[in-house]
1. So if I place +1 on the C-beta of Lys and Arg and -1 on the C-beta of Asp and Glu, and nothing else carries charge, what would the dipole magnitude of segment 12-115 be about its Cα centre? I want it in debye, nearest 20.
2. Just want the answer: with Cβ charges of +1 for Lys and Arg and -1 for Asp and Glu, which residue in F40, I7, T72 is farthest toward the dipole's positive end in the chain?
3. If I stretch the segment between K50 and I27 completely, what's the gain in nm (0.36 nm per residue apart, minus their alpha carbon distance), one decimal?
4. Gain in length, L112 to W142, computed as 0.36 nm per residue apart minus the alpha-carbon separation, to one decimal in nm?
5. Add +1 for every Lys or Arg and -1 for every Asp or Glu among the other residues with Cβ under 12 Å from the Cβ of Q132, and state the total.
6. Pop out the carbon and sulfur fraction of the accessible area of segment 61-145 as a percent, whole number, probe 1.4 Å.
7. Would you work out the charge dipole size for the chain about its Cα centre, treating the Cβ of every Lys and Arg as +1 and the Cβ of every Asp and Glu as -1, and quote it to the nearest 20 debye?
8. For the chain, find the longest principal axis of its Cα atoms and tell me its angle to the long axis of helix 158-172, 0 to 90°, nearest 10.
Amino acid sequence: MSESIEIEFKTLITAKEFAHVQSFFQIEESGFHYQLNSYFDTEDSLLKQKKWGLRIRQLSDRGELTLKIPRTEGLLEVTDDLTVKEAEYYLQKQQLPDSGNVAKTLTAQGILPQSLKMIASLKTRRAEIKIQEGLLALDESWYGKQHDFELELEVADAEKGRQDFFDLLEKLQISYVPAPNKIVRAISEN
C-alpha cells in the first residue's frame with residue numbers, strides 16, 4: 001500500500017505529434033508496455049459526485065487498485081498492490097477487495113467496497129521516461145469506439161511543473177489541448 005500526491009499536466013496530441021515525441025526522445029518500441037484500466041463506481045455514481053476515481057490497473061507482471069482523490073494541488077493516490085491473479089479475480093467477479101487501505105478509505109466515507117461495480121475500461125500503450133522536467137508519459141489509448149493520444153508530465157512542484165510543461169510543449173511545437181482524465185473519457189463512451 002502506498003499514499004502519494006500525484007501532480008501531472010497533460011494534453012491530448014495527434015498521432016503525428018505522438019510519433020514526433022517518440023522520435024524526439026528516442027523511445028524505442030520496446031520502451032512501451034500495455035496496461036488495462038478498469039474503473040469502478042456505485043450504481044448512483046457516488047465517486048463521480050465526489051470527483052474521485054477508482055480503478056484496477058492490470059500490467060503484465062502485477063496489478064494495482066488505486067483510489068484518486070482531488071487535493072488543492074494534484075491528487076491523493078491511495079494504492080493497494082495486487083498480484084496478477086488477484087487483479088484477474090476481482091475483475092472477473094466485478095467486485096473489489098473488502099480489506100486494504102483503499103477499502104478503509106472508502107468505508108470511512110460510507111462507501112462499501114461491495115457496492116462498487118465496474119463501469120468502464122480503457123487500454124493504454126504507454127512509455128515512461130525520466131526527463132529533466134519530471135516523468136514523461138506518452139500514451140495511446142483505446143476505449144469504446146475511441147482511440148486517442150496523450151502526453152503527460154508528472155512533477156513534484158505544481159507551479160514550476162506547470163511552467164515546465166508549457167515550455168516543453170513549446171519546445172516540441174505542440175499546441176495544448178485539455179485532456180480530461182482517462183476515467184472521464186472512458187465513461188463518456190459507455
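1. The calculation lands at about 300 debye.
2. The residue sitting most towards the positive pole is F40.
3. The K50-I27 span can extend by a further 4.6 nm.
4. On the way: separation 30, 0.36 × 30 = 10.80 nm, distance 2.97 nm.
Between L112 and W142, full extension yields 7.8 nm more.
5. Around Q132, the surrounding residues sum to 0.
6. Numbers: 2070 of 4490 Å².
Here it works out to 46 percent.
7. 580
8. Between helix and principal axis, roughly 50 degrees.
The values are calculated or read from the model by the stated rules, or taken from the named source; none is laboratory data. None of these values were measured; they are calculated from a predicted model. Because the Cβ atoms are built from the backbone with ideal geometry, glycine has one as well, and the counts that use them run over all protein chains shown. Heads up: the accessible areas ignore ligands, DNA and RNA and are worked out on the full protein's heavy atoms, side chains in. Shrake-Rupley method; radii C 1.70, N 1.55, O 1.52, S 1.80 Å.
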